[in-house]
Amino acid sequence: MVDPGIMDHLPVSQCPSWATALGYMGVASAVCLSNWGSAMGTWKAGVSIVHTGIRHPSSVMKNVIPIVMAGVIGIYGLIVGVILGQAIPVPDSTTRDNVYSTYSGMAHLCAGLCCGVSGLAAGLCIGIVGDYGIRAVGYRASQITLFPGEREAAGYATIPDSQEGADAAESSGNTAGMGGSEDQNKLFVGMLIMLIFSEALALYGMIVALIVSQHHYEC
């Protein structure tokens with residue numbers, strides 16, 4: 001037979017006053033870490049866009065995709081943070097008893113970390129891929145080679161700066177300049193695919209966070 005005194009202490013052990021701290025730590029983790037990843041991705045890719053836009057202003061709007069994808073990560077953290085914040089109940093106003101259990105607190109902390117850490121990793125990945133991808137597209141547009149003495153390397157096309165340059169190259173019989181846009185498109189498509197899979201990391205974390213946030217136990 002169970003001692004009645006033990007039963008009286010069970011609600012206190014399952015619903016201590018510090019249990020809400022776990023839940024709000026989950027809220028802070030989801031929002032802050034996701035925004036941190038979003039800021040890192042925006043910073044890394046944004047610097048490359050500004051540098052590339054000095055010589056090729058027309059490519060700024062096309063290369064802004066990493067900035068948009070990095071900003072979406074912050075929205076993921078905002079969604080999870082609002083859901084977790086609404087799921088934390090206020091203590092009873094009459095008895096001042098806490099109805100938020102450690103089980104719910106640990107579940108919400110887990111959900112916040114899943115979303116926040118996944119968003120941080122995705123933001124860093126987007127920033128690095130966007131940084132090098134935008135610079136690579138800019139190098140092709142500027143006809144810059146990383147190997148001195150091999151400016152006219154075989155297999156690479158020269159890229160005219162404008163449509164007039166392309167028409168002049170075609171009229172003069174220099175067909176090497178006609179494949180420049182294709183080289184840029186290949187680099188851009190490859191960068192876009194890597195950005196999509198990097199963004200998926202944050203989406204996976206948000207999906208798991210939404211599922212785990214539904215696990216709760218009320219005292």
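The values are calculated or read from the model by the stated rules, or taken from the named source; none is laboratory data. Predicted model only: the values in this text are computed from it and were never measured. Reconstructed Cβ throughout: ideal geometry from the backbone, glycine too, with neighbour counts over all protein chains shown. Keep in mind that these areas ignore ligands, DNA and RNA; they rest on the heavy atoms of the full protein, side chains included. Shrake-Rupley method; radii C 1.70, N 1.55, O 1.52, S 1.80 Å.
All but one of (1) surrounded by 18 or more Cβ atoms within 10 Å (Cβ to Cβ); (2) hydroxyl-bearing (Ser, Thr, Tyr); (3) under 24 Å from ILE196 (Cα atoms) hold for SER58, so report the exception by its number. SER58 satisfies all of (1) surrounded by 18 or more Cβ atoms within 10 Å (Cβ to Cβ); (2) hydroxyl-bearing (Ser, Thr, Tyr); (3) under 24 Å from ILE196 (Cα atoms) except (1).
Which residue is farthest from TYR139 (Cα to Cα), if the candidates are limited to region 35-61 and must be assigned to a helix (DSSP H, G or I) and free of Cβ contacts under 8 Å to residues at least 40 places away in the same chain? Among residues in region 35-61 that are assigned to a helix (DSSP H, G or I) and free of Cβ contacts under 8 Å to residues at least 40 places away in the same chain, the one farthest from TYR139 (Cα to Cα) is GLY46. Restricting region 64-104 to residues that are crowded, with 18+ Cβ neighbours inside 10 Å and in contact with a Phe, Trp or Tyr (Cβ under 8 Å, 6 or more places away or on another chain) leaves a set whose member that is farthest from GLY116 (Cα to Cα) is SER101.
Set side by side, the residues VAL31, VAL68, VAL80, VAL117 differ, and just one is within 17 Å of PHE197 (Cα to Cα) and touching a residue at least 60 places away in the same chain (Cβ under 8 Å), which is VAL117. If you go through region 188-219 and pick out every residue that is open to solvent by 70 Å² or more (accessible area, probe 1.4 Å) and either assigned to a helix (DSSP H, G or I) or more than 26 Å from ILE83 (Cβ to Cβ) (or both), you end up with 9. Checked against the criterion of being within 17 Å of the chain's Cα centre (by Cα) and either free of Cβ contacts under 8 Å to residues at least 24 places away in the same chain or at positive phi (or both), region 86-98 has no qualifying residue.
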